[in-house]
Amino acid sequence: MTDFPNGFLWGASTAPHQIEGNNVNSDWWANEQVTPGMALSGDAIDSYHRYEEDMRLLADAGLNAYRFGIEWARIEPIPGQFSKAELAHYRRMITTARRLGLSPVVTLHHFSSPKWFADEGSWLAESSVDRFRSFVTEATTILEDVDFVCTINEPNMLAMIGSMMKSMESGEGDWQSPTVEGDTQMVLPAPDPEVGRRLAEAHHTARDILKQRTNAAVGWTVANQALTAKPEFEDVLIEQRYLREDLYLEAARGDDFIGVQSYSTQEVDANGPVPHAPNPDNTLVGTAFRPDSLGIAVRHAWDVTGGVPILVTENGIAITDDTRRIDYTSQALHHLSSAIADGVRVEGYLHWSALDNYEWGHWEPTFGLIAVDRETFERRPKPSLAWLGEVARTNGLSLS
Ligand code: FCB
């Protein structure tokens with residue numbers, strides 16, 4: 001049996017840099033031009049122009065929510081100079097989502113920042129929180145009827161990307177995608193806690209402004225890694241989990257919701273997270289096929305935040321065989337439903353991702369419910385889209 005509360009949100013997620021194309025004023029765009037081994041985002045999948053078609057596909061399938069981001073680098077391409085036209089563009093996206101019956105879940109920062117912000121020293125610069133504050137203040141002018149706002153996506157990954165960029169600049173390391181483990185079979189470095197604390201400050205600052213100026217529920221979205229201990233390494237687990245995840249979950253206490261983002265699990269031993277062993281069942285990003293990770297993740301987030309309501313803002317799988325995507329998602333939703341039955345409050349499930357897109361330095365990992373021809377930009381819905389739409393229309397009953 002699966003059971004989901006009335007009014008449950010069923011949707012899919014995206015991020016601006018991964019789908020829009022030509023995000024030329026961003027730090028990611030700049031890095032792509034100069035970093036060996038990093039694929040270019042280029043036109044991405046041109047969702048900047050095709051967002052209505054994308055939203056319509058989701059709505060027609062039966063989904064009732066869409067998570068997308070607004071791009072700081074477009075809205076404030078030069079410090080202090082805000083583009084009214086770009087704000088109007090994102091306002092049109094919100095209006096379009098509403099008109100199509102999709103509740104907009106809007107992310108304000110999803111990995112990419114304006115290039116000038118990175119040049120100033122990114123999140124470690126003294127000015128960073130003020131810079132973010134003025135962007136968020138400007139953004140509130142278009143958010144009046146948005147139900148959920150995510151301030152910063154995966155601050156724990158963002159703090160890790162910070163550590164990585166620093167070691168690349170000092171010539172110590174090579175480029176490694178934050179989400180593609182197969183790159184090196186190495187474990188990603190731990191997030192820099194100094195950056196983490198700064199991000200928490202930025203999040204709380206943004207939360208205050210959003211609470212004053214909008215009616216939105218406010219939260220941030222954390223990469224939940226469903227870490228478990230190898231026998232005898234419980235202590236290391238607690239330490240590693242704090243550094244990589246719990247610091248960020250604790251900062252969500254007092255928020256309206258916590259965004260849970262879960263894909264797989266990972267074991268921890270004396271050296272930290274253990275790389276996933278090669279296995280034919282592994283996903284295209286090198287992680288193990290573990291749909292149960294979602295249940296572990298929501299229960300852990302619920303415990304650490306002390307009962308902050310949960311919105312699953314990302315869950316999905318990079319795979320070519322779409323029947324495996326349906327299989328994974330179906331199992332993940334059963335685990336989610338049993339956490340709900342045990343008393344965890346969950347308000348919605350947003351699948352990653354709506355479309356195959358630019359996976360932070362790579363094009364091969366396909367997470368989408370919709371495939372895209374990158375020459376013509378033609379959208380081709382996969383069977384998993386209709387399947388998830390049916391789950392949404394029946395509020396989960398079709399899973400039973
Ligand atoms: C998450 C990111 C998202 C996407 C998925 C696969 O870490 O938030 O942009 O890359 O992983």
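The values are calculated or read from the model by the stated rules, or taken from the named source; none is laboratory data. The model shown is predicted, which means the values in this text are computed figures rather than measured ones. Every residue, glycine among them, receives a Cβ derived from its backbone with ideal geometry; neighbour counts consider all protein chains shown. Areas reflect the complete protein model, heavy atoms only, side chains present, ligands, DNA and RNA absent. Shrake-Rupley method; radii C 1.70, N 1.55, O 1.52, S 1.80 Å.
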Exercise for the section: May I ask what percent, to the nearest 5, of DSSP beta bridges between residues of the chain are antiparallel? Expected result: 15
Problem - 30 Å tail of the calculated P(r), the chain, as % of Cα pairs - result: 34
Practice task
With θ set to phi - 60°, apply the Karplus curve 6.51 cos²θ - 1.76 cosθ + 1.60 along region 270-275 and write out the HN-Hα couplings as whole Hz, x wherever there is a Gly or Pro.
Solution key: 3, 8, x, x, 8, x
Handout entry: residue 82 paired with residue 170, simple spin-label distance in nm, labels 7 Å along Cα-to-beta-carbon
Key = 3.8
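May I ask for the net charge around residue 24, where only other residues with Cβ less than 12 Å from the Cβ of residue 24 are counted and Lys, Arg are +1 while Asp, Glu are -1?
-3
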Exercise for the section: Mind listing the long-range amide H neighbours of residue 105? Cut-off is under 5 Å, sequence gap 5 or more, other chains count too, H placed in the peptide plane at 1.01 Å from N. Expected result: 66, 67, 68
Exercise for the section: Report the label-to-label distance for residue 242 and residue 323 in nanometres (one decimal), using points 7 Å from each Cα along the Cα→Cβ vector. Expected result: 4.8
Practice task
Any chance you could run the full-extension gain for residue 99 through residue 3? It's 0.36 nm times the residue separation minus the Cα-Cα distance, nm to one decimal.
Solution key: 31.8 nm
Completion exercise
Expected vector for region 5-22, Karplus 3J(HN,Hα) from phi with 6.51, -1.76, 1.60 and θ = phi - 60°, integer Hz, x for Gly and Pro, equals x, 4, x, 4, 8, 10, x, 9, 10, 8, 9, x, 5, 7, 10, 6, x, 6
Practice task
Would you calculate the separation in nanometres between label points at residue 133 and residue 145, each defined as 7 Å from the Cα along the Cα-to-beta-carbon direction?
Solution key: 3.1
Exercise for the section: Quick one: check the C-alpha center-to-center distance for region 324-380 versus region 92-170, whole angstrom. Expected result: 21
Practice task
Counting helices only, and only those DSSP H runs with n ≥ 4, report the 222 nm mean residue ellipticity of the chain as the sum of -39,500 (n - 2.57) divided by its residues, in deg cm²/dmol to the nearest 500.
Solution key: -12000 deg cm²/dmol
Fill in the blank from the handout: Per the 1/(1 + (r/R0)^6) rule, R0 = 41 Å and r from the Cβ atoms of residue 60 and residue 228, FRET efficiency to 0.05 is 0.55
Problem - Heavy-atom accessible area ranking, 1.4 Å probe, most first, across 169, 347 - result: 169, 347
Handout entry: Cut-off under 5 Å, modelled amide H: who pairs with residue 223 long-range
Key = 154, 156, 157
Completion exercise
Interchain or sequence-distant (5+) residues whose placed amide H lies within less than 5 Å of the amide H of residue 258 are 310, 311
Exercise for the section: Set the Förster distance to 51 Å, then compute FRET efficiency between residue 397 and residue 194 from the Cβ-Cβ distance, nearest 0.05. Expected result: 0.60
Practice task
Mind telling me which of 250, 86, 232 comes out most flexible in a GNM of the chain, alpha-carbon contacts under 10 Å?
Solution key: 232
Practice task
Could you state how much accessible area residue 83 has, in square angstrom rounded to the nearest 10, with a 1.4 Å probe and all protein chains kept in place?
Solution key: 30
Completion exercise
Around residue 107 (Cβ within 12 Å, Cβ-to-Cβ, excluding residue 107; K/R +1, D/E -1) the net charge comes to -2
Practice task
Quick one: what are the phi-derived ³J(HN,Hα) couplings along region 143-154, Karplus 6.51/-1.76/1.60 with θ = phi - 60°, whole Hz, x for glycine and proline?
Solution key: 9, 4, 10, 8, 7, 10, 10, 9, 6, 10, 7, 6
